[in-house]
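The values are calculated or read from the model by the stated rules, or taken from the named source; none is laboratory data. All figures in this text were calculated on a predicted structure; none of them were measured in a lab. Neighbour counts are summed over all protein chains in view; Cβ atoms, including those assigned to glycine, are modelled from backbone coordinates with ideal geometry. In case anyone asks, the SASA skips ligands and DNA or RNA and just uses the protein heavy atoms, side chains included. Shrake-Rupley method; radii C 1.70, N 1.55, O 1.52, S 1.80 Å.
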Amino acid sequence: MNVDFFLKTDQRRFTPWTVCFALLYALLTFLACKSHEPWMDEVQPWIAAQSSSWSYLIFEHPHWDAHPVLWHLILKIVSFLFSENGLPIAALLMGWLFAAIVIFYSGIPLFFRIGFLFSYFFFYQYPIVARSYVLYPILFWLLFNHWEKREAKPYVFALILSLIASVSVHGMILIPALIAVECIESLKKKEGLFNNWKKWIPYAISGVVVLFWMTCLWPSYQPISKFHTWSQGIEKLKSFLTIFFAQPILSVIAFAISSYLMIKKEIFLLFIIPITLWILFFFAVYYAPWHEGIIYSWWALCVMKSLDAVYSWSRISKKIVFLLFILIFAVQLKWSFSAWSKEMRSPYSGSKALAEEIFKNHWENESFQGFGDRTSTMNYYFKRNLFENAWKPEKRYYSWNHEKDLVAPQGGIVQGTPQFIITSQYCSDTPAIEYQGYEWIGRFDGTIFWKDTVIEGDIYDLYRRVEAQK
């Protein structure tokens, strides 16, 4: 087999193949997005953006969210244009924009364009599951596209870095990582660190942005573990090593071979230093499975930038690289198809079915208490805060700073006499809680998909006060 055909660059943009695959991507993601039911981590930024002032979002909300709020600010703008369904529209448009960049403007071989375009994170986890991380692929593309021009256009590069730092803590970590790259490169070239002061303009500006967000984040009131133990950190890294394959050893091999690509292209430092700092953060402080997508996005952009180094390699080396990416893309396509098909068949969150039950019975104006932070997801479907036990009733989103806000009562004894109670569960096997004076009406199940499996449930139990029926 002549692998040169698959590794050949193609600068053509609009061809029958690229247009066909772009339309297929748009259609499939649109169908999944239309079917998708958002869960708490998607809903909270949306209803916070809808319900809050600009000043609150910028200066106050980061304390409770533990991240900068560029995504919230974008959603606030979108909420003025699409007040009902702006959340899925925003994520889908960001996904489509990155897809258009890859398929029409990357210039990499068509095989890699399609492989990356339909890989799990770029096809499903970002455009369908609407979270702030959908911004990273676009911003990383801009960063790599301006890397060689960063000294000629320092203020443009500063803007890109500042936007990256405003997405999440992971973007803030990237700034010192790139500064380390610059320092090491200067030492390798035996240049003085400050011979070219223009080089440091972007980092000075983005550093100010990082310091600003740090003042907004600190103190952080989100109740997450501050540091992992060694055993916890190792377990997190084991989970992370399933980023390419279910078998960690294969993911290590994939990292090693693709790293050789970047060494040949002389961008290995640009690849490995950010990856290392992110992994240290995952190991020591905080890691969730969907953070793998940040690593995957950075890796994918580094691969795209390095591919032309393969063309001068020996035939056997080309075949090894080609085989590696066949395996990676095969697994990614499997995960994408599995998540997409589950999305089309099953509810991602049980909140929509519960909201429909409330609307069907005209209960929306009754009194509710919610137990469990995820119950606030219900407010996505209502114009007001559904729960009378919320910390600030006028706000429709959950506030991490109030430990008693939407927390289940002790012994099943409910304060006050709400007509209805909603509780959230993570597992369908968990039995319904008994509340004194209330009967259980039903359970509304959802399943949060992850790759080709289910990571946890998104389940809601509805109760009605017995006296309310008399």
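Between F59, F80, F104, the distinction of being among the aromatic types (F, W, Y) and within 26 Å of L301 (Cβ to Cβ) belongs to F104 only.
When the stretch 411-428 is filtered for residues that are polar (S, T, N, Q) and assigned to a strand (DSSP E or B), the ones remaining, listed by number, are T423, S424, Q425.
Could you list all residues from the stretch 71-95 that are open to solvent by 30 Å² or more (accessible area, probe 1.4 Å) and either at positive phi or of a type outside the set (A, V, I, L, M, F, W, C) (or both)? If the condition is that a residue be open to solvent by 30 Å² or more (accessible area, probe 1.4 Å) and either at positive phi or of a type outside the set (A, V, I, L, M, F, W, C) (or both), then S83, E84, N85, P88 are the ones that fit.
Taking the conditions (1) outside any helix (DSSP H, G or I); (2) modelled with pLDDT of 95 or more in turn, A152 satisfies each one other than (2). So is D445 of a type in the set (D, E), under 29 Å from W340 (Cβ atoms) and open to solvent by 60 Å² or more (accessible area, probe 1.4 Å) or not? Taking the combined requirement at face value, the residue satisfies it.
Of all residues assigned to the stretch 58-70, none qualifies as being of a type in the set (G, A, S) and open to solvent by 30 Å² or more (accessible area, probe 1.4 Å). Inside the stretch 117-149, residues that are more than 24 Å from E182 (Cβ to Cβ) and assigned to a helix (DSSP H, G or I) make up a count of 10.
Condition check ((1) over 22 Å from I433 (Cα atoms); (2) among the aliphatic types (A, V, I, L, M)) across all residues:
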site	(1), (2)
V321	yes, yes
W335	yes, no
M344	yes, yes
T375	no, no
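Against the definition (surrounded by 22 or more Cβ atoms within 10 Å (Cβ to Cβ), among the hydrophobic types (A, V, I, L, M, F, W, C) and assigned to a helix (DSSP H, G or I)), how does A353 come out, yes or no? In short, no.
Among the helices (runs of 4 or more DSSP H) lying completely within the stretch 166-251, list those that include at least 2 residues that are among the charged types (D, E, K, R) and open to solvent by 40 Å² or more (accessible area, probe 1.4 Å). Here the list reads 169-188, 230-240. Which ranges mark the strands (runs of 3 or more DSSP E) fully within the stretch 429-470 that have 1 or more residues being modelled with pLDDT of 95 or more and farther than 29 Å from E292 by Cα? It comes to 438-444, 459-465.
Just to be sure before I move on: is I316 open to solvent by 50 Å² or more (accessible area, probe 1.4 Å) and in a helix (DSSP H, G or I) in the structure I sent? In short, yes. Within the stretch 108-165, the residues that satisfy the criterion of being more than 21 Å from F268 (Cβ to Cβ) and among the aromatic types (F, W, Y) are F111, F118, Y120, F121, F122, F123, Y124, Y126, Y133, Y155. No other residue among L307, L323 is open to solvent by 70 Å² or more (accessible area, probe 1.4 Å) and either free of Cβ contacts under 8 Å to residues at least 60 places away in the same chain or on the phi < 0 side of the Ramachandran plot (or both) apart from L323. Remark: I294 falls outside the filter, which requires a residue to be over 25 Å from the mean Cα position of the chain (by Cα) and assigned to a helix (DSSP H, G or I). Considering only residues of the stretch 38-57 that are open to solvent by 30 Å² or more (accessible area, probe 1.4 Å) and within 17 Å of T377 (Cβ to Cβ), which is modelled with the lowest pLDDT? Step by step, filter the stretch 38-57, then rank; the result is S51. A count restricted to the stretch 380-431 and to residues that are within 19 Å of D445 (Cβ to Cβ), of a type in the set (S, T, Y) and open to solvent by less than 60 Å² (accessible area, probe 1.4 Å) stands at 5. Go through L174, L241 for me and flag whichever is touching a residue at least 12 places away in the same chain (Cβ under 8 Å) and either within 18 Å of P274 (Cβ to Cβ) or of a type in the set (D, E) (or both). Residue meeting the stated conditions: L174.
Each row is one residue, and each column tells you yes or no for (1) in a helix (DSSP H, G or I); (2) out of contact with any strand residue (DSSP E or B) (no Cβ under 6 Å at 6 or more places or on another chain); (3) not aliphatic (A, V, I, L, M).
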position: V310; (1), (2), (3): yes, yes, no
position: K334; (1), (2), (3): yes, yes, yes
position: S349; (1), (2), (3): no, yes, yes
position: F359; (1), (2), (3): yes, yes, yes
position: M378; (1), (2), (3): yes, yes, no
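Within the stretch 416-432, the set of residues being under 34 Å from the mean Cα position of the chain (by Cα) and touching a residue at least 40 places away in the same chain (Cβ under 8 Å) comprises F420, I421, I422, T423, S424, Q425.
Yes/no per residue for (1) of a type in the set (A, V, I, L, M); (2) touching a helix residue (DSSP H, G or I) at 6+ places or on another chain (Cβ under 7 Å):
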| site | (1), (2) |
| --- | --- |
| A26 | yes, yes |
| S55 | no, no |
| H63 | no, yes |
| H72 | no, yes |
